[in-house]
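*Asks:* One structure, pasted below without further comment.
Readers should treat all values here as calculations from the given coordinates under stated rules, not as data from a laboratory. Because the structure is predicted, anything quoted here is derived from the model rather than measured. Positions of Cβ are backbone-derived with ideal geometry, glycine not excepted, and every protein chain shown enters the neighbour counts.
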Number of protein chains: 2
Amino acid sequence: MKYVAEIDIMPQKEILDPQGKAVKLGLHNLHIDSVGDVRIGKHIRLEVEAESEEKAKETVDTACRQLLANLIMEEYTFSIQGV
Amino acid sequence: MKYVAEIDIMPQKEILDPQGKAVKLGLHNLHIDSVGDVRIGKHIRLEVEAESEEKAKETVDTACRQLLANLIMEEYTFSIQGV
């Protein structure tokens, strides 16, 4: 069965996010002043062929740990749906 | 009241995603072969001060249109939660 994973990979909370700061400044320059903290990461949509949702989750978790996320500086979360 | 927006900005469906192809190849090289199509975009977490959820949505939509998303090549979706 085919599953689609929606993965968010964000900088860990303690890690500084200069990109986020730059975007916040940019928004304020556009007079969108009500914006506070901005954090920027990656969103990955990934198709997985698996026998069960459990197996699909295992595959996505392995993919995150081995390639997609830098576990020293990033944290990842994901949701999975059958399609 | 403070709201947190979770924004996903992805390449439009017709747009080629070389980054996604490279990640797919990388996963296959790690023998994670059950992975099919991979699409990579940005995930932005943004705090907004607003009188209502409706106002917060307006602010986030404006931020996406004016700065965060390149509407020629990207599409954006977001969810908002009061904190």
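*Asks:* Between copies, how far does the label point of A:Glu53 sit from its twins, in nm, shortest first, when each point is 7 Å from Cα along Cα→Cβ?
*Replies:* Nearest to farthest, the other copies are at 2.4 nm.
*Asks:* Can you compute the radius of gyration and Dmax for chain B, using only the Cα atoms, both in Å?
*Replies:* Gyration radius and largest Cα-Cα distance of chain B: 16.2, 51 Å.
*Asks:* Let me ask something additional. So the label point sits 7 Å from Cα along the Cα-to-Cβ vector; using that for B:Gly82, what distances do you get to the other copies, in nanometres, sorted shortest first?
*Replies:* 3.6
*Asks:* Each residue of the range B:48-57 in order: what ³J(HN,Hα) in whole Hz does its phi give by Karplus 6.51 cos²θ - 1.76 cosθ + 1.60, θ = phi - 60°, with x for Gly and Pro?
*Replies:* Going residue by residue, I get 9, 9, 8, 6, 8, 5, 4, 5, 5, 4 Hz, with x marking Gly and Pro.
*Asks:* Determine the relative contact order of the range A:2-82: mean sequence separation of Cα pairs under 8 Å and six or more apart, normalised by residue count, in whole percent. Before the final figure, lay out the partial values.
*Replies:* Numbers: 112 pairs, mean separation 41.7, N = 81.
Worked out over the range A:2-82, it gives 51 percent.
*Asks:* Here is a further query. Assigning unit charges at the beta carbon (Lys, Arg +1; Asp, Glu -1) and nothing else, what dipole magnitude in debye, to the nearest 20, does the protein assembly as shown show about its Cα centre?
*Replies:* Working: 20 positive and 30 negative charges, 89 e Å.
In debye, rounded to 20, the protein assembly as shown gives about 420.
*Asks:* Could you tell me the calculated FRET efficiency between A:Asn29 and B:Ser52, based on Cβ-Cβ distance and R0 = 30 angstrom, to the nearest 0.05? Intermediate results must be reported in sequence, preceding the final value.
*Replies:* Values: r = 25 Å, r/R0 = 0.84.
Efficiency, rounded to the nearest 0.05: 0.75.
*Asks:* Here is a further query. For chain B, find the longest principal axis of its Cα atoms and tell me its angle to the long axis of helix B:18-29, 0 to 90°, nearest 10.
*Replies:* Computed tilt is about 50 degrees.
*Asks:* Any chance you could get the radius of gyration and Dmax over the Cα atoms of the protein assembly as shown, in Å?
*Replies:* Rg then Dmax for the protein assembly as shown, in Å: 16.8, 51.
*Asks:* Please state the charge dipole magnitude for chain A, taken about the Cα centre, from unit charges on C-beta atoms (+1 on K and R, -1 on D and E), reported in debye and rounded to the nearest 20. It would help to have the intermediate numbers written out before the result.
*Replies:* On the way: 10 positive and 15 negative charges, 63 e Å.
Here chain A has a charge dipole of around 300 debye.
*Asks:* Say we join alpha carbon atoms closer than 10 Å with springs in a Gaussian network model of chain A; which of A:Ala56, A:Ala22, A:Ala69 then has the biggest fluctuation?
*Replies:* With Cα springs under 10 Å in chain A, the top fluctuation among A:Ala56, A:Ala22, A:Ala69 is at A:Ala22.
*Asks:* Between copies, how far apart are the B:Pro18 label points? List them in nm, one decimal, shortest first, with each point 7 Å from Cα toward Cβ, please?
*Replies:* Result for B:Pro18, in nm, nearest copy first: 2.5.
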